[in-house]
1. Considering only residues that are open to solvent by 30 Å² or more (accessible area, probe 1.4 Å), part of a loop (DSSP other than H, G, I, E, B) and not β-branched (Val, Ile, Thr), which ones fall in region 1-18?
2. So, of the residues in region 19-44 that are assigned to a loop (DSSP other than H, G, I, E, B) and open to solvent by 90 Å² or more (accessible area, probe 1.4 Å), which turns out to be modelled with the lowest pLDDT?
3. If I ask for residues that are closer than 10 Å to ALA72 by Cβ and out of contact with any helix residue (DSSP H, G or I) (no Cβ under 9 Å at 6 or more places or on another chain), which ones from region 10-24 would you list?
4. Among the residues of region 45-62 satisfying the criterion of being within 17 Å of GLY7 (Cβ to Cβ) and part of a helix (DSSP H, G or I), which is least open to solvent (accessible area, probe 1.4 Å)?
5. State whether the residues of region 33-52 include one that is touching a residue at least 60 places away in the same chain (Cβ under 8 Å) and at negative phi.
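The values are calculated or read from the model by the stated rules, or taken from the named source; none is laboratory data. Quantities reported herein were computed from a predicted structural model and do not represent experimental measurements. Neighbour counts run over all protein chains shown; Cβ positions are idealised from the backbone, glycine included. The protein model used for the area step is the full one, side chains on, heavy atoms only, and it has no ligands, DNA or RNA in it. Shrake-Rupley method; radii C 1.70, N 1.55, O 1.52, S 1.80 Å.
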Amino acid sequence: AYGMYCGNCHGGGAVSLGILPDLRYSRALQSPETWRSIVIDGSLEDNGMVSFASVVDEKTADAIRAFVIAQAHATKK
């Protein structure tokens, strides 16, 4: 799901291409609610991050978050 919906902008494997935020360092990872408010509710739409509610449900958003967290932990090793 990350590759399908996020990777084009935020980089493959959650490694930033340098243009958009590197999600491995996002504070939104700390809270499932905050993550969903961004991905599903579009709370950062004014900053260019549109809602993905039409293609991503809560379960998928949580799976994407888990993937990004795993990538963040792998980076620390």
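1. Answer for region 1-18, where residues must be open to solvent by 30 Å² or more (accessible area, probe 1.4 Å), part of a loop (DSSP other than H, G, I, E, B) and not β-branched (Val, Ile, Thr): ALA1, SER16, LEU17, GLY18.
2. ILE19
3. Listed by number, the list is empty, since nothing qualifies.
4. For region 45-62, the residue satisfying everything is ALA61.
5. No, there is no match, as no residue in region 33-52 is touching a residue at least 60 places away in the same chain (Cβ under 8 Å) and at negative phi.
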